[in-house]
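Q: Below is a structure I'd like to ask you about.
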Amino acid sequence: MKKGRVMDILKLVLQSKNLDETQRFYQERLGFKLLFRNMNQVGFQVGSSELVFKKVSEESSPQYHFAFLIPSQSIELAFQWLNDRGVKMLIPDSGPIVHFENWKAKSVYFKDDQGNILEVICRMDLQNEIIGDFSTQNILCINEIGIVTDSPLETAEKIIADSGINYFPKGPKDSDFLALGEESGLLVISKEGRNWYPTQIPSTPCGLSFEIKVGDKTTWFELHR
């Protein structure tokens with residue numbers, strides 16, 4: 001398969017029922033720089049990406065999956081760093097560090113204050129080695145965005161047409177789960193109801209917006225529930 005152009009996730013906008021709790025988690029627990037806070041939104045700098053949460057009603061139940069990129073060979077340090085900060089880790093039967101052989105990647109999963117399924121991932125093919133101890137500054141960017149839809153292939157084709165992104169060369173490309181992009185940034189598209197690994201929590205579509213850059217082209221997407 002032809003290799004696609006580099007894709008970067010510039011901005012991700014999600015929903016939160018409690019901005020105070022969300023701010024405490026991302027600013028105090030994880031140490032991200034606070035960019036702004038008002039009655040309706042809170043934003044953080046996550047490496048080269050911007051992460052924003054918009055307030056929704058207490059009756060809503062938004063839940064997302066997204067991942068942060070960390071330097072290669074630093075996954076054990078990242079696990080210890082998260083554990084030391086009292087983050088709720090998600091540990092599958094195989095152990096806390098998940099190896100994705102096809103992707104040449106290793107991940108650790110955890111939850112935030114609102115029950116979102118988060119991940120830190122290192123990708124060996126990027127060869128971005130860590131220098132010194134692990135810290136917030138070693139979280140390089142938002143690297144994956146989970147998108148939930150009743151038709152993953154149809155959604156993928158629309159995103160491809162609008163942005164110039166392509167299917168991830170390492171796969172998968174199935175009717176219920178697929179990936180778009182490159183190691184630098186991925187959109188992981190799941191069919192509604194499919195469990196988010198490593199949980200038994202079925203994926204549900206929630207409103208989100210994001211901005212990606214593919215080559216020299218920047219595209220903004222808004223996906224509604």
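Q: If you place +1 on the Cβ of every Lys and Arg, -1 on the Cβ of every Asp and Glu, and leave all else neutral, what size is the dipole of the stretch 93-183 about its Cα centre, to the nearest 20 Debye?
A: Values: 7 positive and 17 negative charges, 39 e Å.
Computed charge dipole of the stretch 93-183: roughly 180 debye.
Q: I want the antiparallel fraction of DSSP beta bridges within the chain, as a percent rounded to 5. Each step should come with its number before you reach the end.
A: Working: 49 of 67 bridges.
About 75 percent, rounded to the nearest 5.
Q: Excluding residues on the same chain fewer than 8 positions from Lys106, give the lysines whose Cα lies under 23 Å from its Cα.
A: Excluding near neighbours in sequence, the set is Lys3, Lys88, Lys170, Lys173.
Q: Just the C-alpha atoms of the stretch 1-109: what Rg/Rh do they give, with Rh taken as the Kirkwood radius?
A: Reported Rg/Rh (Cα atoms, Kirkwood Rh): 1.00.
Q: Over the Cα atoms of the stretch 150-200, what Rg and Dmax result, in angstrom?
A: So, for the stretch 150-200, Rg and Dmax equal 11.0, 33 Å respectively.
Q: Oh, and also: Please list 3J(HN,Hα) in residue order for the stretch 138-145, calculated via the Karplus relation 6.51 cos²θ - 1.76 cosθ + 1.60 where θ = phi - 60°; whole Hz, with x for glycine and proline.
A: Coupling constants for the stretch 138-145: 8, 8, 7, 4, 6, 10, 9, 10 Hz.
Q: For the stretch 86-103, in order, what is each residue's ³J(HN,Hα) by Karplus, 6.51 cos²θ - 1.76 cosθ + 1.60 with θ = phi - 60°, in whole Hz (x at glycine and Pro)?
A: Using θ = phi - 60°, the values come out as x, 6, 6, 7, 10, 10, x, 4, 6, x, x, 9, 9, 9, 10, 4, 5, 8 Hz.
Q: For the stretch 64-115, just list the percent of Cα-Cα distances falling in each 5 Å bin from zero outward, please.
A: Final binned percentages: 4, 17, 31, 29, 15, 4, 1.
Q: Rg/Rh for the stretch 171-225: what does it come to with C-alpha atoms and Rh from Kirkwood?
A: Values: Rg = 12.8 Å, Rh = 12.8 Å.
Value, to two decimals: 1.00.
Q: Just one of (i) 18.6; (ii) 17.7; (iii) 21.9 is Kirkwood radius over Cα pairs in Å as worked out from the coordinates here. Which one is it?
A: So the structure-derived entry is (ii).
Q: Further question: If you plug each phi of the stretch 205-221 into the Karplus form 6.51 cos²θ - 1.76 cosθ + 1.60 with θ = phi - 60°, what whole-Hz ³J(HN,Hα) values come out, in order, with x for Gly and Pro?
A: x, 9, x, 7, 10, 7, 10, 10, 10, 10, x, 9, 9, 10, 9, 10, 10
Q: Can you sort Val148, Val6, Val52 from fewest to most other Cβ atoms within 10 Å of each residue's own Cβ?
A: The most exposed by this proxy come first: Val6, Val52, Val148.
Q: Among the aspartates and glutamates, select those whose C-alpha is under 12 Å from the C-alpha of Lys54, and discard any that sit fewer than 8 residues away in the same chain.
A: Here the aspartates and glutamates satisfying the reach criterion relative to Lys54 are Asp20.
Only the coordinates and a few stated rules stand behind these numbers; no lab work does. All figures in this text were calculated on a predicted structure; none of them were measured in a lab. Backbone-built Cβ (ideal geometry, glycine too); neighbour counts: all protein chains shown.
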